[in-house]
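Structure first, commentary second.
The values are calculated or read from the model by the stated rules, or taken from the named source; none is laboratory data. As the structure is a prediction and not an experimental result, all values here were calculated from the model. Using ideal geometry, Cβ is built from the backbone for each residue, glycine included, and neighbour counts are taken over all protein chains shown. We work out accessible area using only protein heavy atoms, side chains counted, and drop any ligands, DNA or RNA first. Shrake-Rupley method; radii C 1.70, N 1.55, O 1.52, S 1.80 Å.
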Amino acid sequence: MKPLLLAALATLVLAAPAAAQTRLGTEGAYPPFNYVDDNGKVGGFDVEVGNEICRRAGLECVWVVNEWDSIIPNLIAGNYDGILADMTINDERKQTIDFTQAYFPPDPSTYISLASATIDYATMTGLRIGVQGGTIQAAWLDANLKADNTILTYEAIDQELADLNAGNLDLVMAEGSFIEETVQGSNGTLKADGPRISIGEGAGIGLRKAEDELETKFNDALTAMKADGWLDATITRYFPNMGPGPFFK
């Protein structure tokens, strides 16, 4: 090949634009859904699902860690393109952002308490209840139990659990799958014997309303992941207490 042609080809290669990255936002503080390990790497169920979606959709994805209370505003501001952070689909959030189909089934919320505590769930009065701010559980507590109890909001779930273990809270409210895994890992110090409360439609990927093309790609990948059993198997691996499924038919 002639030297001039080689030089021209080299110039074209150097000038070719790099593939655009799809940025995915997660909280990184809600294990086993999402966390940041000791090496600063994100992991967990949300992250594994997101990586598999990107693989199937042929997208190059990178992860951005963002605190929960500003995770939707920073999506809208363009700091990332989608949210995978066990975010429940509900009507209030749909007013601001769009969602893919659910990648985690509806997960009834419940309470966690010290194993030594005696809670009267029939009356639910005079209790100190911890909840993460900006969640569906916080909204539910505000609407249903605020008048007769003290509702304390936290930035992260680990802060609530620390106060519960220290005796500063009577209860913490969160999604049942998270509560079950936390109780199982508590060596008998915590329990979950309260009612199950259905809130929301399952967890989906949050997207800006203008991202129709990306939403289609994500939904196509999720449909395939449900059809071939990948998603059911991954849910069972992360949340064995939920049983073998099927979670999506």
Selected residue (only one of ASP98, ASP91 is modelled with pLDDT under 95 and open to solvent by 20 Å² or more (accessible area, probe 1.4 Å)):
ASP91
Could you pull out the residue among GLY58, GLY134, GLY78, GLY167 that is at pLDDT 95 or above and under 23 Å from GLY194 (Cα atoms)?
GLY167
Across region 92-104, the tally of residues that are under 12 Å from the mean Cα position of the chain (by Cα) and of a type outside the set (A, V, I, L, M) stands at 2
Of the numbered conditions (1) among the aliphatic types (A, V, I, L, M); (2) open to solvent by 10 Å² or more (accessible area, probe 1.4 Å); (3) within 26 Å of PHE247 (Cα to Cα); (4) touching a strand residue (DSSP E or B) at 6+ places or on another chain (Cβ under 9 Å), LEU190 satisfies every one except a single condition; which is it?
(3)
Restricting to region 123-159, count the residues that are of a type in the set (D, E, K, R), closer than 22 Å to ALA85 by Cβ and either in contact (Cβ under 8 Å) with a residue 60 or more places away in the chain or part of a loop (DSSP other than H, G, I, E, B) (or both).
2
Exactly one condition in (1) open to solvent by 50 Å² or more (accessible area, probe 1.4 Å); (2) in contact with a Ser or Thr (Cβ under 8 Å, 6 or more places away or on another chain); (3) in a strand (DSSP E or B) is not met by MET173; state its number.
(1)
I'm trying to understand the selection: among the residues of region 143-170, which are under 18 Å from GLU27 (Cβ atoms) and open to solvent by 20 Å² or more (accessible area, probe 1.4 Å)?
THR153, TYR154, GLU155, ASP158, GLN159, LEU161, ALA162
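Going by what's in this entry, would LYS226 be described as assigned to a helix (DSSP H, G or I) and open to solvent by less than 60 Å² (accessible area, probe 1.4 Å)?
Against the criterion (assigned to a helix (DSSP H, G or I) and open to solvent by less than 60 Å² (accessible area, probe 1.4 Å)), LYS226 qualifies.
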If ALA162 satisfies all but one of (1) in contact with a strand residue (DSSP E or B) (Cβ under 7 Å, 6 or more places away or on another chain); (2) over 19 Å from PHE104 (Cβ atoms); (3) in a helix (DSSP H, G or I), what's the number of the condition it fails?
(1)
Could you name every one of the strands (runs of 3 or more DSSP E) located completely within region 33-115 that has at least 3 residues being in contact with a helix residue (DSSP H, G or I) (Cβ under 8 Å, 6 or more places away or on another chain)?
60-65, 109-114
Out of region 36-55, which residues are within 19 Å of GLY176 (Cβ to Cβ) and open to solvent by 20 Å² or more (accessible area, probe 1.4 Å)?
none
